[in-house]
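A.B. asks: Before I ask anything, here is the structure I am working with.
The values are calculated or read from the model by the stated rules, or taken from the named source; none is laboratory data. Because the structure is predicted, anything quoted here is derived from the model rather than measured. Don't worry about glycine lacking a Cβ; one is built from the backbone with ideal geometry, like all the others, and counts go over all protein chains shown.
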Amino acid sequence: MGPKKKKAAGGKKKKLSKAERLRIQREEEEKRLFEEEQARIRAELEEAARREKERIEREKRERLEAKDQERRGVELAELAILEESFLTASQCKNKFRALAKWEHYTGCDGSPDPMVRQEINTFMSLWKEDTNNDIFTVIEKGNRILDLIEKLEMCILDTPFHELSSKDVTQYHDTILQLQALLHHKYNEATEHLLKQASNYAESESGNMEVVIKKQNITLCVWANLKKNPKFRSMSFYDDQKKPCNGFDLPKPLAICDVAVRILHTHYDHVSPSQTYPKEPLTLDMPAQKPVTSESIVKVKATKSQVSPSRLDTRSKHSTGRSKSLTSVFTEEVKSSAVETENTKYAMNKSSLILQTVSRAHLSALFSPSVRELEPLEEFVVDLHQFMPVGGIYHFDALKLPPQAKHVKGWTMVEVLDTGLEICPYIAVCEENEDPSNLTVGITVRLLDNVIFFEEPLIARWNPEEKCWRTDDIGEVVYNMKEKEIAFKMNGFFTITLLQDAHLNMPYQSWELRPTGLDEASFCILTTFAEVQFDIKVNECMLASITTNEDSDLLAEIRGKWMTPLCLILAVKRAGMNIFPADFSPKYVSVNNKLLTAEVTTYQQMALVASAFAFSWSKWNLESGESNVVFRACEHLDQEPVKEENWALYMFSGQRAQRLQITEESEAFSNNIAEETEFHSTLYHLIKDASSEEGMARVSKTHYLFIDTVYQLLLATRVLTYS
């Protein structure tokens, strides 16, 4: 055993006495109480400082609110004069429509006025009786029909409620349906006329008829089984430039029959149920505002001097015939003795301004979403509120081949049947142990070059009995999006279309409206799949560019062409680039709900200053609640991109505008007003405070048609809600 370890000196802990323990406890308790007292004092000081800060902020806000209330009537009256731009633009567009009707009347070009029932009925009756069914003549006249349909559609969509009665809307809609039916009937007659001469178009190799006609609005492919050779069951069509069009695979039972196949690809859609628009004006509930007093009317006269004489002269010319301007409405309100009545009148006049200056198409998209509920659909039925046809309609038909001419001893004999174009009914019924590929119908469709598909489209067939698109009886789909071809099998011959999700590009990632000169601006929207830029010049706008990750040279047919806002919207939607919400869009898109008053009023006042001020998306718009919209803005008088440090944050409720203290990089949202700024009743006056003399001079010279065009695009895209 080793030596024992010595105990360390002091190894035993000395036991504290009771007095020492009490002393230590007392010291610790005193320390704790001291710290608590210090913490309490700090908390009281911090609370006092916070309350003092809140008091100062509250008093400051109350002073600013009181100042805002004092000048509210003056600002609203001044804004009312500026808002006459929208009414003037509406009057001007009405004159343009009247002038177009007069020019058509004096032009005497033989084409009917589609809005005059007698003229359009005579035109349709004469074409029905016309026996000239040459396909090229029908195509040429069909283009005139399409022009007439477009005129009627534009008249319905672009005319405000008070200028077009519900009776007229019903009449125009019925005329559109009749013109569509007549056009398709004439294409059937032209197809029958071609098939009666099928032997004249026989190909040397197969001996069968092969015809391809590719024009601006249609692509027609016709094949007739003249030789009945079962080896020739597949057919691929090529146009005059040897570019592939469409193709088909004939089922085995039809390979030896007197049958013809037609693929009529109309680049338009006359099959889907037409969109309906409200026939009566919708009710827009506007909150009551402080009435305008006679003192305000007197004060606001001074603001007229800020508007250039040329602008006032131009406005007065186009305002002739207006029954009542907003200024006279305000004057009438002053005569009213009851403040409550004046509030109601102001709200009604604000609502009336919107209803009179916005088209039927915009109003239906703005005010309908929460009114109607969608009925549940059956399985395989396509929801046309969620999906939209893109690239037109493919009419795929098996037709009975009419008797062909026979040459006997110098005579040409042909059996004449008065049956019209007859459909050859065919449904694939597969029995046990039978190969389905011998019975199903194959088709290869070629996509148009002037449309965009952001993903593989949904294929649907038309059900004429149920009046809907269905996705059943279609299978074995092979997508070749790079070559713009899709091949698939069907259980029969159907009318088909390709559908795309209408809300693929919603909500938007960001947006920016930037002036590029007097009465000129650039409007950019960034979506998940593409960046779209519209250029605006006075009363026209154009698609300047559309860029995706894969291609920057898209939609060449409409890119760079100046159009009216509504024409551009319809053209871009038809091309598959939908960034224009509809009435039921909130059911399919996660939207940033905002009160309609705040949203629409913001668009109006943004448009008023769009010649000199840039506006942009802000992330804080998601945090500001339904009653307020938040965006970035700054004065911008050159054509260069806006510098990041120039932006400031603004908040507007439709009744009060303020500049925010926070920035886009702040950690949390706050509605505190920025230093050295004030509340205003209008966004226009708040921006006016931040502008230079040069900026306001440009605003005062802005053309009312430019203001209206910007307003229409903002309403159509609804960037404050769908971003």
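A.B. asks: In this structure, is Thr702 of a type in the set (S, T, N, Q), in contact with a strand residue (DSSP E or B) (Cβ under 7 Å, 6 or more places away or on another chain) and either at pLDDT 95 or above or surrounded by 21 or more Cβ atoms within 10 Å (Cβ to Cβ) (or both)?
C.D. replies: no
A.B. asks: Also: Say we look at the stretch 210-240 and pick out the residues that are under 36 Å from the mean Cα position of the chain (by Cα) and in a loop (DSSP other than H, G, I, E, B); which of these is surrounded by the fewest Cβ atoms within 10 Å (Cβ to Cβ)?
C.D. replies: Gln216
To keep it simple, each residue is scored yes or no on (1) among the polar types (S, T, N, Q); (2) within 20 Å of Pro425 (Cα to Cα); (3) modelled with pLDDT under 85.
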{"residue": "Glu210", "(1), (2), (3)": "no, no, no"}
{"residue": "Lys231", "(1), (2), (3)": "no, no, yes"}
{"residue": "Asp239", "(1), (2), (3)": "no, no, no"}
{"residue": "Pro244", "(1), (2), (3)": "no, no, no"}
{"residue": "Phe248", "(1), (2), (3)": "no, yes, no"}
{"residue": "Pro253", "(1), (2), (3)": "no, yes, no"}
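A.B. asks: Moving on. Looking at the stretch 614-641, which of the residues that are among the aliphatic types (A, V, I, L, M) and in contact with a strand residue (DSSP E or B) (Cβ under 8 Å, 6 or more places away or on another chain) is surrounded by the most Cβ atoms within 10 Å (Cβ to Cβ)?
C.D. replies: Only one residue fits best here, namely Val629.
A.B. asks: Mind checking which residues of the stretch 156-165 are assigned to a helix (DSSP H, G or I) and either within 18 Å of the chain's Cα centre (by Cα) or surrounded by fewer than 18 Cβ atoms within 10 Å (Cβ to Cβ) (or both)? Show your work before the answer.
C.D. replies: Step one: filter the stretch 156-165 for residues assigned to a helix (DSSP H, G or I), giving 156-158, 161-163.
Those that are assigned to a helix (DSSP H, G or I) and either within 18 Å of the chain's Cα centre (by Cα) or surrounded by fewer than 18 Cβ atoms within 10 Å (Cβ to Cβ) (or both): Ile156, Leu157, Asp158, His162, Glu163.
A.B. asks: Okay, next question. Spot the failing condition for Leu126; the list is (1) out of contact with any helix residue (DSSP H, G or I) (no Cβ under 9 Å at 6 or more places or on another chain); (2) farther than 30 Å from Asp249 by Cα; (3) buried (at least 18 other Cβ atoms within 10 Å of the Cβ); (4) among the hydrophobic types (A, V, I, L, M, F, W, C), and only one is missed.
C.D. replies: The single condition Leu126 does not satisfy is (3).
A.B. asks: Considering (1) of a type in the set (Ser, Thr, Tyr); (2) more than 30 Å from Tyr711 (Cα to Cα); (3) modelled with pLDDT under 75, say which one Ser364 fails and leave the rest.
C.D. replies: (2)
A.B. asks: If you don't mind, another one. Of the numbered conditions (1) over 29 Å from Thr528 (Cβ atoms); (2) in a strand (DSSP E or B), Val630 satisfies every one except a single condition; which is it?
C.D. replies: Failing condition for Val630: (1).
A.B. asks: Of the residues that sit in the stretch 103-152 and are small (Gly, Ala, Ser) and without any contact (Cβ under 8 Å) to a residue 60 or more places away in the chain, which one is farthest from Lys196 (Cα to Cα)?
C.D. replies: Gly107
A.B. asks: If you go through the stretch 583-601, how many residues are among the hydroxyl-bearing types (Ser, Thr, Tyr) and either modelled with pLDDT of 95 or more or assigned to a loop (DSSP other than H, G, I, E, B) (or both)?
C.D. replies: Summing the residues that are among the hydroxyl-bearing types (Ser, Thr, Tyr) and either modelled with pLDDT of 95 or more or assigned to a loop (DSSP other than H, G, I, E, B) (or both) in the stretch 583-601 gives 2.
A.B. asks: While we're looking at this one, here's another question. Testing Ala556 on (1) of a type outside the set (D, E, K, R); (2) part of a loop (DSSP other than H, G, I, E, B); (3) crowded, with 17+ Cβ neighbours inside 10 Å, one condition comes back false. Which one is that?
C.D. replies: If we test Ala556 against (1) of a type outside the set (D, E, K, R); (2) part of a loop (DSSP other than H, G, I, E, B); (3) crowded, with 17+ Cβ neighbours inside 10 Å, just (3) comes out false.
A.B. asks: Does at least one position in the stretch 642-665 carry a residue that is surrounded by fewer than 17 Cβ atoms within 10 Å (Cβ to Cβ), assigned to a loop (DSSP other than H, G, I, E, B) and touching an Asp or Glu at 6+ places or on another chain (Cβ under 9 Å)?
C.D. replies: There is at least one residue in the stretch 642-665 that is surrounded by fewer than 17 Cβ atoms within 10 Å (Cβ to Cβ), assigned to a loop (DSSP other than H, G, I, E, B) and touching an Asp or Glu at 6+ places or on another chain (Cβ under 9 Å).
A.B. asks: Could we say that Gln605 is within 21 Å of the chain's Cα centre (by Cα) and not in a loop (DSSP other than H, G, I, E, B) here? Show your work before the answer.
C.D. replies: Details: within 21 Å of the chain's Cα centre (by Cα): yes; not in a loop (DSSP other than H, G, I, E, B): yes.
Yes.
A.B. asks: Within the stretch 549-569, track down each residue that is farther than 21 Å from Leu714 by Cβ and touching a residue at least 60 places away in the same chain (Cβ under 8 Å).
C.D. replies: Leu554, Leu555, Ala556, Glu557
A.B. asks: I've got another one for you. Taking Trp562 as meeting all but one of (1) buried (at least 17 other Cβ atoms within 10 Å of the Cβ); (2) in contact with a Lys or Arg (Cβ under 9 Å, 6 or more places away or on another chain), write down the number of the exception.
C.D. replies: Of everything listed in (1) buried (at least 17 other Cβ atoms within 10 Å of the Cβ); (2) in contact with a Lys or Arg (Cβ under 9 Å, 6 or more places away or on another chain), Trp562 misses just condition (1).
A.B. asks: Within the stretch 630-655, can you find the residues that are at pLDDT 95 or above and among the β-branched types (Val, Ile, Thr)?
C.D. replies: Val630
A.B. asks: If you don't mind, another one. Out of the stretch 588-601, which residues are out of contact with any Gly (no Cβ under 7 Å at 6 or more places or on another chain) and buried (at least 20 other Cβ atoms within 10 Å of the Cβ)?
C.D. replies: Lys594, Glu599, Val600
A.B. asks: Cβ-Cβ under 7 Å, sequence separation 6+ or interchain: first residue in the stretch 41-64 and under 17 Å from Gln658 (Cβ atoms) and modelled with pLDDT under 80, partner surrounded by 10 or more Cβ atoms within 10 Å (Cβ to Cβ) and among the acidic types (Asp, Glu). Which pairs?
C.D. replies: Leu64/Glu678
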